[in-house]
Each structure stands twice: as structure tokens, then as C-alpha cells.
Amino acid sequence: MLTVQSIPAFNDNYIWLIHSPDNHCVVVDPGDATPVIKALEEQQLTLEAILITHHHHDHIGGISELKRRYPQINIVGPAAEPVPGISQSVEDGDQVELFGERFMVIGVPGHTLGHIAYVGDGKLFCGDTLFSAGCGRLFEGTPAQMFSSLQKIAALPDETEVYCAHEYTTSNLSFALVAEQDNPHLQRYREQVSRARAQGISTIPSTLGQEKLVNPFLRCDQPSIKKSVADKAFDDSDLETFAALRRWKDEF
């Protein structure tokens, strides 16, 4: 099993550091090089690769400095996105090997058109596609693309750990509790998250099993969610329920 730790960056980003027992490591979505370099030096880790999920600056801003400092690193990223310095372009269905563990690349367009996620060793690194109790905004893709991407993710095993790129859980829960007021799992999760955040503890990783209970964007087949968007949706299909829910969240 690989070890994962968070490197906080900016206001609410997480850069994920995946390391092997022999002190080699990979970082995911390094928007800022400075905290990554600090973590590597403090823990005497050897950086072998960078994994990129999409092209937004808060996910790629540290690449050039890390490449300058560690010129041998492999930079893995989405083939369909403008990411500087990529040495290994990947797309849906490709595989990446990390320290003997095979990670599958999943195409998850929606937030951006070429967004990808990496899944392996029971862990999902999904960038800005799925958050705890929420999902990413549709900056480039369509509701149909994001809905399909979330369905792909939901098909993974329930015990899969979800390593998303932002600490948005508290604000996402504010919306989720309006969208599905009578969900007892949501109410319990809010208490758990409130306690964690009061102590400065991260709410990430979540698990897919947990998200299926509390995340409205993974619950568009549920009558309770359909009812709450009935006055905002054009029909009662799961896709239109998702689209209406996302529009509502954008204005929330």
C-alpha cells in the first residue's frame, strides 16, 4: 500500500504526495512548487513524477519550478489539455505504474474538456471533478459530460478513497442540506465535518461509499433529489435532475 499525505496550498487546495516505503514519491496537481519542495526536503524524499488532472493554474503552476529543480522527473498529464512540460500524455483507458501499483486513467470531462482522474491502490485522484458532498463547476464541459463522468466514478468500489483537490466540504454541505433536507446521513456527516474542521483536520479523503450517501450530485436517481429540483428541471430524467442541481448550486 502506498502512503498519501496532503500538502496544503493557496486557500483551500490540496497537493497530494504519494510515497513508497523507500522514500520515493509522486505529487498530484502541484499548483505551487514551494510547499512541495519544503515537504520533499523535510522528509528527504526523491521526487520521481508529477501527475496532472487538468490545466487550471492552481493545479499546474508549480510544474516549471519543480522540473527546473528535479530535471529527471516524469510529468504525466492529459493528452487533450494545454499543460506545459508534459513528458507522458495519457487519456481514458491508459495506465500509469507507480511504485509497482497500476493506476488506471479515467477520462472525466466536465469541469474542463480534457480532465482526467487516476485510480489505483484503492485510491482515486480526481482533481476538480468530484468533491466531498459536491462536484466541480462546468467551466468547459456540458452537464451530460459531467454526469457521465460522475457515473464512471460512482461505478468504482465503495471503499475507494476519494482524494479531491480542494477543501470545499463545509460549503458543499450547506447546499446539500438544502437540496436534501431529510437525509439523515447528511446530518450526521455535517456534525462529523464540523468537528473535524474546528480542530483543523482535513475532511479529505472521503470514500465513494460515503459520497453515495451524502453527495447530491451522485444521488440524482433519488426521489428526494428529483423532488427538490422539480420546479427547476425540464423533465425528471437523472441527467436533467443533475443539470438542474448544478445550475442551482451555481447560484447558491
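The values are calculated or read from the model by the stated rules, or taken from the named source; none is laboratory data. Just so it is clear, the model here is predicted, and its values are computed rather than measured. Ideal geometry is used to build each Cβ from the backbone, glycine not excepted, and the neighbour counts take in all protein chains shown.
For (1) out of contact with any His (no Cβ under 7 Å at 6 or more places or on another chain); (2) closer than 19 Å to LYS152 by Cβ; (3) among the hydrophobic types (A, V, I, L, M, F, W, C); (4) at pLDDT below 95, each residue gets a yes or a no:
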position: LEU186; (1), (2), (3), (4): yes, no, yes, no
position: VAL193; (1), (2), (3), (4): yes, no, yes, no
position: ILE201; (1), (2), (3), (4): yes, no, yes, no
position: GLY209; (1), (2), (3), (4): yes, yes, no, no
position: ARG219; (1), (2), (3), (4): yes, yes, no, no
position: SER224; (1), (2), (3), (4): yes, no, no, no
position: LYS227; (1), (2), (3), (4): yes, no, no, no
position: ALA230; (1), (2), (3), (4): yes, no, yes, no
position: PHE242; (1), (2), (3), (4): yes, yes, yes, no
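Scan the range 76-118 for residues that are touching a residue at least 24 places away in the same chain (Cβ under 8 Å) and of a type in the set (S, T, N, Q) and jot them down. Within the range 76-118, just THR112 meets the criteria. Pick out the one residue from PRO30, PRO35, PRO8 that is assigned to a loop (DSSP other than H, G, I, E, B), of a type outside the set (Gly, Ala, Ser) and either under 18 Å from CYS164 (Cβ atoms) or in contact with a strand residue (DSSP E or B) (Cβ under 8 Å, 6 or more places away or on another chain) (or both). None of the others qualify; the one that does is PRO30. The single residue among ILE37, ILE73 that is surrounded by fewer than 19 Cβ atoms within 10 Å (Cβ to Cβ), touching a helix residue (DSSP H, G or I) at 6+ places or on another chain (Cβ under 7 Å) and farther than 21 Å from THR129 by Cα turns out to be ILE37. In the range 94-110, the residue that is nearest to PHE217 (Cα to Cα) out of those that are in contact with a strand residue (DSSP E or B) (Cβ under 7 Å, 6 or more places away or on another chain) and in a loop (DSSP other than H, G, I, E, B) is VAL108. Condition check for PRO71 on (1) assigned to a loop (DSSP other than H, G, I, E, B); (2) in contact with a Cys (Cβ under 9 Å, 6 or more places away or on another chain); (3) over 21 Å from GLU161 (Cβ atoms): one failure, at (2). Taking helices (runs of 4 or more DSSP H) as the structural unit, those lying wholly within the range 148-252 and holding at least 1 residues that are in contact with a Gly (Cβ under 9 Å, 6 or more places away or on another chain) and in contact (Cβ under 8 Å) with a residue 24 or more places away in the chain correspond to 169-179, 238-251.
Taking the conditions (1) more than 14 Å from the chain's Cα centre (by Cα); (2) over 27 Å from PRO223 (Cβ atoms) in turn, PHE175 satisfies each one other than (2). Selection within the range 12-70: residues that are in contact with a Leu (Cβ under 9 Å, 6 or more places away or on another chain) and among the hydroxyl-bearing types (Ser, Thr, Tyr). The member of this set that is modelled with the lowest pLDDT is SER20. Please go through the range 121-147 and give me each residue that is among the aliphatic types (A, V, I, L, M), in a loop (DSSP other than H, G, I, E, B) and crowded, with 21+ Cβ neighbours inside 10 Å, ordered by number. Within the range 121-147, just ALA133 meets the criteria.
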